[in-house]
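Some notes on the structure that comes next.
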Amino acid sequence: MEKLSVLIPAFNNEAYIRPCLESVRWADEILVCDSFSTDKTVEIAKSFGARIIQHEYLNSATQKNWALPQCRHNWVLEIDTDEILEEGLKAEIKEWLSKDPIPFDGFRMPRKNFVYGKWMKHGGIYPDYNIRLFRKSQGRFENREVHASLILSGKAGTLKHHLIHDGFKDVSSWLIKIERYTRYERDEWLKRKKPFPVAKHLLAAPLIFVNTYFLKLGCLEGYRGFLLSVLDAFNYFLVGARLWETAHSKDISSS
């Protein structure tokens, strides 16, 4: 069977990295790429037998692409600290890696996103397929400041079992995350030198809410669906506000 490296980017994740590590401790290698955590993240990872490498964080793609060549094995599973493997995914991965030859260069897997501990089946965030299992030589993360997807140079298969993403536990942690992510999204926009569409920005946020809550049936998820729809719209609004602020920084500072 092909050996497997699990790659986990991390930074100050002591509050929820244990379940992630527990779900992948069967792998041949756990490689944690840490951005110089100041909490007990590294200590906890070492207790699970993880190998630690540290690198200054520039953006998601740079961090992962720097770490990939340092994985010891040909097959890599990339997983975030707020994710775990669903029961059955371990066996499915092992089954595919035991084939000779393996007919694919990577595998996409569905992801269950949880809000306040409940799986959100509606609102446009399921099945949320991601390529996370791949041959190291055939995968590279796209050059984006945030939410960088894997670009696979080969054929992808599809797994049946899920990743579990418990990414929304409380409003406070979401606000910390969204402050960082909207900065990265602004930087991505500026990097690509796109013009800032003020008129689109004024209309887009409410339309995003309507799309998520009504058209994608977030309304079927009760208050969680309403919250998801509002935050989805608010995320876009903040990116636009940051872009406007950057474009008018001179006017703002002189007023």
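Where a number appears in this text, it was derived from the coordinates with a stated rule and is not lab data. Here the structure is a predicted model, which means the values were calculated and not measured. Every residue, glycine among them, receives a Cβ derived from its backbone with ideal geometry; neighbour counts consider all protein chains shown.
Taking the empirical scaling 2.2 N^0.38 Å for compact globular proteins as reference, the stretch 152-221 has a Cα radius of gyration ratio of 1.54. If you wrap the Cα atoms of the chain in a convex hull and average its projected area over all directions, you get 15.2 nm². Percentage of Cα-Cα pair distances in the stretch 91-192 greater than 19 Å, rounded to whole percent? Percentage above 19 Å: 58. Annotation for residue 178 and residue 153: the two label points, set 7 Å from Cα along the Cα-Cβ direction, are 3.9 nm apart.
Put a dot 7 Å past the Cα of residue 207, heading toward its Cβ, do the same for residue 142, and the two dots end up 2.1 nm apart. With neighbour counts taken as other beta-carbon atoms within 10 Å, the residues 2, 78 rank, fewest first, as 2, 78. Ranked by the mean number of other Cβ atoms within 10 Å of their residues, highest first, the peptides 165-172, 195-202 come out as 165-172, 195-202. Pairs with C-alpha atoms separated by more than 19 Å, drawn from the list 64/160; 112/160; 40/136; 64/194; 90/160, are 64/160; 40/136; 64/194. The protection proxy used here, the mean number of other Cβ atoms lying within 10 Å of each residue, ranks peptides 86-94, 98-106 as follows, highest first: 86-94, 98-106.
Beta bridges from DSSP with both residues in the stretch 4-167: antiparallel share about 45 percent, rounded to the nearest 5.
Does the stretch 109-255 classify as rounded, prolate or oblate by the C-alpha gyration tensor (a ≥ b ≥ c root eigenvalues; a/c under 1.5 gives rounded; else a/b over b/c gives prolate, otherwise oblate)? Oblate. For the stretch 171-255, the spherically averaged projection of the C-alpha convex hull amounts to 6.7 nm². Principal-axis analysis of the Cα atoms of the chain puts helix 171-191 at an angle of about 80° to the longest axis.
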